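Every number in this text was worked out from the coordinates using simple rules, so none of it is lab data. Note that the structure is a prediction, hence the values are computed from the model and not measured. In this analysis, Cβ positions are derived from the backbone assuming ideal geometry, glycine residues included, and neighbour counts consider all displayed protein chains.
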Number of protein chains: 4
Amino acid sequence: MADGRVKEPVITLTAGPVQAYPRISRAMARPIHYDFDPYFQSVYEDVARKCATALRVEEPALIVHAEPAVGLEAAAASLISRDDVVLNLASGVYGKGYGYWAARYCKELLEIEVPYNEAISAAQVSQMLRTRPDIAIVTAVHHDTPSGTLNPVNEIGKVVRDHGSLFLVDAVSSFAGMDIHPDDCYADVFVTGPGKCLGGAPGLTVMAVSEAAWEHMEANPDCPGASVLSLTDWKDAWSKDAPFPFTPAIAEINGLDAALDVYLEEGPETVWRRHALTARACRAGVKALGLELWAAREEIASPTATTIKVPDGMDDALIRSTMRDVFGTVISGGRGDTAGKLLRIGHMGPVAEPIYAVVAITALAGALSKLGREVDLAAGVAAATAVIMESA
Amino acid sequence: MADGRVKEPVITLTAGPVQAYPRISRAMARPIHYDFDPYFQSVYEDVARKCATALRVEEPALIVHAEPAVGLEAAAASLISRDDVVLNLASGVYGKGYGYWAARYCKELLEIEVPYNEAISAAQVSQMLRTRPDIAIVTAVHHDTPSGTLNPVNEIGKVVRDHGSLFLVDAVSSFAGMDIHPDDCYADVFVTGPGKCLGGAPGLTVMAVSEAAWEHMEANPDCPGASVLSLTDWKDAWSKDAPFPFTPAIAEINGLDAALDVYLEEGPETVWRRHALTARACRAGVKALGLELWAAREEIASPTATTIKVPDGMDDALIRSTMRDVFGTVISGGRGDTAGKLLRIGHMGPVAEPIYAVVAITALAGALSKLGREVDLAAGVAAATAVIMESA
Amino acid sequence: MADGRVKEPVITLTAGPVQAYPRISRAMARPIHYDFDPYFQSVYEDVARKCATALRVEEPALIVHAEPAVGLEAAAASLISRDDVVLNLASGVYGKGYGYWAARYCKELLEIEVPYNEAISAAQVSQMLRTRPDIAIVTAVHHDTPSGTLNPVNEIGKVVRDHGSLFLVDAVSSFAGMDIHPDDCYADVFVTGPGKCLGGAPGLTVMAVSEAAWEHMEANPDCPGASVLSLTDWKDAWSKDAPFPFTPAIAEINGLDAALDVYLEEGPETVWRRHALTARACRAGVKALGLELWAAREEIASPTATTIKVPDGMDDALIRSTMRDVFGTVISGGRGDTAGKLLRIGHMGPVAEPIYAVVAITALAGALSKLGREVDLAAGVAAATAVIMESA
Amino acid sequence: MADGRVKEPVITLTAGPVQAYPRISRAMARPIHYDFDPYFQSVYEDVARKCATALRVEEPALIVHAEPAVGLEAAAASLISRDDVVLNLASGVYGKGYGYWAARYCKELLEIEVPYNEAISAAQVSQMLRTRPDIAIVTAVHHDTPSGTLNPVNEIGKVVRDHGSLFLVDAVSSFAGMDIHPDDCYADVFVTGPGKCLGGAPGLTVMAVSEAAWEHMEANPDCPGASVLSLTDWKDAWSKDAPFPFTPAIAEINGLDAALDVYLEEGPETVWRRHALTARACRAGVKALGLELWAAREEIASPTATTIKVPDGMDDALIRSTMRDVFGTVISGGRGDTAGKLLRIGHMGPVAEPIYAVVAITALAGALSKLGREVDLAAGVAAATAVIMESA
């Protein structure tokens, strides 16, 4: 390849960034307009409102012009004051990681931590809130992507709201792939982005922020201003009549515009259904191959990514590179503490289609066989296919 | 228009974001690949190296995955320690603004400030450095975009280097539109991006960082880590063998890839020449219209944007909206302290072509006439055209 | 440039192919679908119906999968039988050319020919029909592009219809740039395409065919079948339930889809208005430059292209290449008999915007001056601008 | 779906039009340039020369601006004169069809016809040439797409050349998917296009024409001129210094440009290898499912499409719609005489990747099961996968 570039893979089934819908990619090729031109300002307002429609909230969404990790860091910096006791829920690498950001800004960090193949229950949270009624903010990850597991944020959120604390939810890799919205989980700050189940490019954060959360930020003496870490800088930027504090990422906004159209035109329920079906077929295939799901229980396995224990004695990087070399198929490995321990097959956006479960199972089983681990490829594919056919 | 969207303008001649080259826009529509896939990692290294080629430095460039204001803030946060005395050069709104960021992190902020239609000389800097030999870092904007004026950073940089201080240069809206590179101005941190003269989308920062600057950051106890404000997080990310600390903005990298190809294939000298000619024609037109250039002297007027004093008693927003309504042509107004006082005609990327000087002069003169201010449109166009024809 | 490629021009103001709207170009990048897949078949029917909406007829349009010259040739081959006396109206190179195609198939070819800067009147046609009541088919070009002149096809069509003959109208370069539709001119075969005023790519023909014309074709023993020259092959292909006789040009259909959306969403009347205004400004500029319009009378000058006599003793190719070299601006020359005699400035699609009249006048005047012909550039631009400003 | 549009399928594995490489689709979105502008003329010459490189011939290719059926019809019209005895080889629907076109123009049409799952041997042709030494032209289809079978055109061509006749070869759906070039098969007219194994859009014909063939056309008194059916009109159009007789399909040329880059950069041998491997895996899967290949012998099965007999008593349209409904996967049915009798799985361009053989086998087997026909899906997938793994 020219310039030392490696050959492109054929099919990408990762936990994000994901293959984008072609329509979204084309939207990113729209002409770049001046951010202060009335045209772009009207587009921006329309996109912020359309985000709200997708999020099923009233207020136009807050858009941060960098990928969700930045949005999450900014949320910690803006929301959490030096007077706040924060309870962080750590059921995976991302949940654990959020504690580090929270700890930078809070008075005291409390944490509930469970093994990274488990979920945290509303009861555990309730118990902690009773013990420490001074908890001002609870932070949680809905789908802890490096584990492929879900926390029951709807139940947790109810408990948090009843207690009167603020609830910050990272729904980056679950929103738009399943039935989860800010009001479902009583979130005060709900964070997502276009690069996962919306099937767009990574490069923006989309947030819904409650009135209570805005008040908390405005009361926070350390809330950043004139900074990428400031949410308040951008609070009113959605309005076509308000100026932008800094330059928005025009092309990413154009992509988000199309991502929302794709999602809303197909119909959220239809989109969630194919995510769920693909994951179900994939899990059936994995089990029929004789492999073990990473999630302690199938109920907490995300419909947006399937995680699989790396068979004993095998090297996950070698498995993945073999899948790529022989079948042109790319999946994800673990991250941080889960690195080397699990494999991740994403079901997000355009590849949340049942046939890709078959692709994943075939490539995984083929690679394992190639590396000397006997698995029953035929049984795996048959099981995945059976799930697909039953649902049709 | 659907969804309350305003009609698109016909021609955009702003000081950025600018109309992108179609080839760059198409590149942003390339398939989104997984960031940890060897294909994308090889693209990323290639792009970082190609940045270095364009910047005329050895080391692969540092890419920050948000627009240059973020990169500049991160540079302040990472480079400037609580032990550093910083000299900030303020010859415009952006220069002045950088002082606010510097002040957050430094021990003491010194400033040389001149009227915002003026430039700061190397002699002024030299004088200050003699007075305060403890200055560790000097920060400057090359082209202060809200003024359209250039500081002589090559001369200033020599003085700073000789003194042994570090030099941070914001060349966001000059690089690739004229002959300016990190080594030309002895910059330790040189900041630019694809959204101005490279004719790409805003959404990335491209930096060249010297070894001395890296050492200063690594010695800075407050240098952020695990943060969007950390430059050190991304130091080694250019290598195809190194992991990304956070998710890169895939589509923006694809756009940058094409932006560099467009620039290097046409040839930097050729690109600069058309920027310079367009600006020269534009300035000639402005003067022949009987309007005043904002820059105190034409030598400090940037070849990448022409700034014009708003005629007495006129409203700049009305002038610009009339240009848009009647001629479909969009230009920029001022920012901050220059807002309402000047108009800005960008000559950046694909519109750094002489014919657009004629477009700008016509639309400007037409709008002024429409609003009751007599200007000699014919003379303006004739003067601009004469410059173009002489050079041909 | 790599591969011996010449540098791209900056602005294209030709009489077609024209610069496409970016939205149409992006549509051509949509995924290619299988022609017999229900998705593409439903798109095709929708596009054929949307053509009908734009053409203001009832029946879905007939689409020929090659540029309009092919569609016109096919119309001659399919419609004109060996028993038909045909009257061809020749007021320009294209009108004259149609006679050659008609002559291949008809029993006898009659022609009304006028100088190529003139138009043919309904009275002339009426007179001929009285003389030769056996004329079965009349063929005319609405806008004879190589002359930039219009024939009054609405009046002519009325005469033809009253006489009971069939009327074939080439409206390739007028439809969508002005108020002309099949029923306005009583056309039995009305031929246009996406590559002129619709601002799309050349590569398709769009036709409205009357019931009488279909009957005539079906009665024509020599009407081709299983051939690119057959209109009847494709008669029913618009229906999502009918098979395609040959492979349709998928990408071109996707482009046409977007072209129609662009046209219908902006609103035909709005689109025509800016074509007309641009042409009016351009003609004013030409006259103020002291140059002569090619059209004998301004009433017959097309709003979609302005034609100008090449000044005596000058070489049109040199004028055009100078415009390109100095101003990056491309216009058209003549064709056939008009080659070398006139210059053509197109006002079609996205460049049918008044500011481009100024661009054209500047580049033309600049080039003439450069080549030693004194013209008053300032007066030309002032005159064009005055027209624009009056209309605002 | 809006406008009555059906939902898009997920994966298209047809015998053409095929899913295009994204890079080619993006190229079709390039700006439309004026055909007579030096830029486009230089692109056109470069593309015609690059075609020659891919075809492994000396002379720039002839490009016809419509899909290959038009190019093939034009070749018949231009090459075959009323004095020519033509031998047409009919081993399938397309071969048979070519005889109808040949018959329009020739003095006498001879034909060798075999069952449509068979191939015609060089010995059969040799025998016929001995019987009828007056045969001037032999016409053959290399890959008769509606049958998925190959004729041994290299051997046949040798026989024809030795006899002194001209040889016209339709290689539309084999070129670029396997090792076949004009000189390999002694073709005088070799016809292909971008819409099959090159993985581009349908809409152009690419031809290599021998000097002898040009001479034959030029000597043909009935060779069309000023017609879409004329090859001679376009003979010299490749040259950047020659005018175009009619408007070329600009966007399609841009797509072809990219298609050739994709092909040549990957390397033809590499491209052919993955076509062959995908077909081999697919055939293994089909057989393991207990289904029958359509081709009489596997040696004549094309590496670019696999054809399968429709199981007795089953409806091919229902099988295909079930594959689409349940698995989102689209394949082709038969055409003409093969319609209803076979199913076709294309291996062309971007889907000529082994993993898609698994997709096809899964979707086919799943659909058959769903419709009540027992097939061993697991065995089919296992067999296809085994072929893939052996080759890795």
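What average count of beta carbons from other chains do you get within 10 Å of the Cβ of residues in D:150-156? Intermediate values should be presented prior to the final figure.
Values: counts 0, 0, 0, 0, 0, 0, 0.
For peptide D:150-156, the averaged partner shielding equals 0.
Only four residue types carry charge here, +1 at the Cβ of Lys and Arg and -1 at the Cβ of Asp and Glu. Report the dipole size of the range D:22-265 about the Cα centre in Debye, rounded to the nearest 20.
440
Could you list which residues have their amide H under 5 Å from that of C:PHE167, counting only those 5 or more apart in sequence or on another chain, with H placed in the peptide plane?
C:VAL138, C:ASP188, C:VAL189
Under a point-charge model restricted to the Cβ atoms of Lys and Arg (+1) and Asp and Glu (-1), what is the dipole moment magnitude of the protein assembly as shown relative to its Cα centre, in debye to the nearest 20?
Approximately 0 debye in magnitude.
With N set to the number of residues, divide the alpha-carbon radius of gyration of the range C:129-270 by 2.2 N^0.38 Å and report two decimals.
1.12
Please give the direction-averaged projected area of the C-alpha convex hull for the range B:27-100, in square nanometres with one decimal. Let's see the in-between values first.
On the way: hull surface 30.3 nm².
That works out to 7.6 nm², a quarter of the Cα hull's surface.
Among C:ALA176, C:GLY203, C:TRP272, which residue has its Cα positioned farthest towards the positive end of the charge dipole of the range C:147-291, with +1 placed on the Cβ of Lys and Arg, -1 on the Cβ of Asp and Glu, and the dipole taken about the Cα centre?
C:TRP272
Which residue is it, in chain A, whose C-beta lies closest to the A-to-C rotation axis, and what is that distance in whole Å?
A:ARG26, 2
Given label points at 7 Å from Cα along Cα→Cβ, what nm distances, shortest first, separate D:ASP312 from the same residue in every other copy?
Those separations, rounded to one decimal, come out as 5.2, 9.1, 10.2 nm.
What whole-number volume per residue, in cubic angstrom, does the convex hull of the C-alpha atoms of the range D:311-355 give? Show your work: numbers first, answer last.
Values: hull volume 3.9 nm³, N = 45.
Cα convex hull per residue, to the nearest whole number: 87 Å³.
Treating the point 7 Å from Cα along Cα-beta-carbon as the label, what are the nm separations from A:ASP162 to the other copies, to one decimal?
Copy-to-copy label distances at A:ASP162, shortest first: 7.4, 8.7, 9.3 nm.
Can you compute the modelled spin-label distance between B:VAL6 and C:ARG82, with each label point 7 Å from Cα toward Cβ, in nm?
Output for this residue pair reads 6.6 nm.
Quick check: convex hull over the Cα atoms of the protein assembly as shown, volume per residue in Å³, rounded to an integer? Numbers along the way, then the final one.
On the way: hull volume 253.4 nm³, N = 1568.
Here the figure is 162 Å³ per residue.
Give me the percent of DSSP beta bridges within the range B:22-265 that run antiparallel, rounded to the nearest 5. Please report the intermediate quantities before stating the final value.
Details: 9 of 28 bridges.
Percent antiparallel among DSSP bridges in the range B:22-265 is about 30.
Which entries in C:LYS50/C:LYS235; A:LYS287/D:LYS370; C:LYS240/D:LYS7 show an alpha-carbon gap greater than 21 Å? The partial results should precede the final answer.
Working: C:LYS50/C:LYS235 16 Å; A:LYS287/D:LYS370 23 Å; C:LYS240/D:LYS7 14 Å.
A:LYS287/D:LYS370, as the Cα separations exceed 21 Å there.
Calculate, for D:GLU218 and D:THR131, the FRET efficiency according to 1/(1 + (r/R0)^6) with r their C-beta to C-beta distance and R0 22 Å; round to the nearest 0.05. Please list the in-between numbers first.
Working: r = 29 Å, r/R0 = 1.34.
Computed FRET efficiency for D:GLU218 and D:THR131: 0.15.
Would you work out which of C:MET28, C:SER227, C:ILE63 lies farthest towards the positive end of the dipole of chain C, given +1 charges on the beta-carbon of Lys and Arg and -1 on that of Asp and Glu, about the Cα centre?
Of the listed residues, the answer is C:MET28.
Per residue, what volume in Å³ does the convex hull of the Cα atoms of the range D:302-392 enclose?
Dividing the Cα hull volume of the range D:302-392 by its residues yields 97 Å³.
Pop the C-beta distance of B:THR53 and D:GLU266 into the FRET formula with R0 = 25 Å and round what comes out to the nearest 0.05.
Values: r = 26 Å, r/R0 = 1.02.
For R0 = 25 Å, the calculated efficiency reads 0.45.
Starting from the amide H of A:LEU342, placed 1.01 Å from N in the peptide plane, find each other amide H under 5 Å away whose residue is 5 or more places distant or on another chain.
Amide H to amide H, under 5 Å and 5 or more residues apart or across chains, A:LEU342 pairs with A:VAL310, A:GLY334.
How big is the range B:157-225 on each of its three principal axes, counting only the C-alpha atoms and giving the largest first in Å?
Per principal axis, max minus min of the Cα coordinates gives 36, 32, 13 Å.
Give, as a single signed number, the net charge of other residues whose beta carbon lies under 12 Å from the beta carbon of C:SER302, with Lys and Arg counted +1 and Asp and Glu -1. Walk me through the intermediate numbers first.
On the way: positive: C:LYS196, C:ARG280, C:ARG283, C:ARG344; negative: C:ASP144, C:GLU298, C:GLU299.
That works out to +1.
Please compute the contact order of the range D:250-386 in relative form: average sequence separation of alpha-carbon pairs under 8 Å and at least six residues apart, divided by the residue count, as a percent. Intermediate results must be reported in sequence, preceding the final value.
Working: 201 pairs, mean separation 42.2, N = 137.
Averaging sequence separation for qualifying contacts and normalising by length gives 31 percent for the range D:250-386.
Restricting the calculation to Cα positions, tell me the Rg (one decimal) and the Dmax (whole number) of chain D in Å.
21.1, 63
Where does the charge balance sit around A:LYS370 when Lys and Arg score +1, Asp and Glu -1, over other residues with C-beta under 14 Å from its C-beta? Before the final figure, lay out each step's value.
Numbers: positive: A:ARG320, A:ARG324, A:ARG373; negative: A:ASP315, A:ASP325, A:GLU374, D:GLU390.
With Lys, Arg at +1 and Asp, Glu at -1, the net is -1.
What is the order of A:GLU155, C:GLU390, fewest Cβ neighbours within 10 Å to most? Could you put the intermediate results ahead of the total?
Working: A:GLU155 16, C:GLU390 11.
Starting with the residue having the fewest Cβ neighbours, the order is C:GLU390, A:GLU155.
Determine ³J(HN,Hα), in whole Hz, for all residues of the range A:316-329 in sequence, where each value follows from phi through the Karplus function 6.51 cos²θ - 1.76 cosθ + 1.60 and θ = phi - 60°; x replaces Gly and Pro.
Result, ordered by residue: 5, 5, 5, 4, 5, 5, 5, 4, 6, 5, 8, 10, x, 10 Hz.
Assume the label is 7 Å from Cα along Cα to beta carbon: what separations in nm does B:PRO115 have to the matching positions in the other copies?
Sorted ascending, the copy-to-copy spacings read 6.3, 7.4, 9.7 nm.
Summing +1 for each Lys or Arg and -1 for each Asp or Glu, what net charge is found among the other residues whose Cβ lies under 13 Å from the Cβ of B:PHE246?
Values: positive: A:ARG335; negative: A:GLU67, A:GLU73, B:ASP35, B:ASP233.
Net of charged neighbours comes to -3.
Note down the relative contact order for chain B as a percent, whole number, built from C-alpha pairs under 8 angstrom at least six residues apart. Display every interim value, and only then the final one.
Working: 874 pairs, mean separation 86.8, N = 392.
In percent, rounded to a whole number, it is 22.
Placing unit charges on C-beta atoms (Lys and Arg positive, Asp and Glu negative, everything else neutral), compute the dipole magnitude of the range C:98-228 about its Cα centre in debye, rounded to 20. Write down the numbers at each step before the final one.
Values: 7 positive and 17 negative charges, 34 e Å.
Charge dipole, the range C:98-228, about its Cα centre: 160 debye, nearest 20.
For the range C:210-352, what Kirkwood radius comes out of the mean inverse Cα-Cα distance, in Å?
Numbers: mean 1/r = 0.0526 Å⁻¹.
Evaluated on the range C:210-352, it is 19.0 Å.
Kindly put D:MET207, A:MET314 in sequence by how many other C-beta atoms sit within 10 Å of each C-beta, fewest to most.
On the way: D:MET207 27, A:MET314 17.
Placing the least packed residue first, the sequence is A:MET314, D:MET207.
Can you tell me the FRET efficiency between A:ARG297 and A:ALA103 if r is taken as the Cβ-Cβ distance and R0 is 22 Å, rounded to the nearest 0.05? If you can, show how the numbers build up before the last one.
Working: r = 30 Å, r/R0 = 1.37.
After rounding to 0.05, the efficiency reads 0.15.
Which loop GluC sites (Glu not before Pro) in the range A:1-82, with loop taken from DSSP, have no more than 13 other Cβ atoms within 10 angstrom of their Cβ? Walk me through the numbers on the way to the answer.
Values: sites: A:GLU45, A:GLU58, A:GLU73; in loops: A:GLU58.
Listed in order of number, the matching sites are A:GLU58.
Starting from the amide H of C:VAL330, placed 1.01 Å from N in the peptide plane, find each other amide H under 5 Å away whose residue is 5 or more places distant or on another chain.
Placed amide hydrogens put C:ILE11, C:THR12, C:LEU13 under 5 Å from C:VAL330.
Could you point to the residue in C:ALA123, C:ALA77, C:ALA187 farthest towards the positive end of the range C:22-265's charge dipole, with +1 and -1 charges on the Cβ of Lys/Arg and Asp/Glu respectively?
C:ALA123
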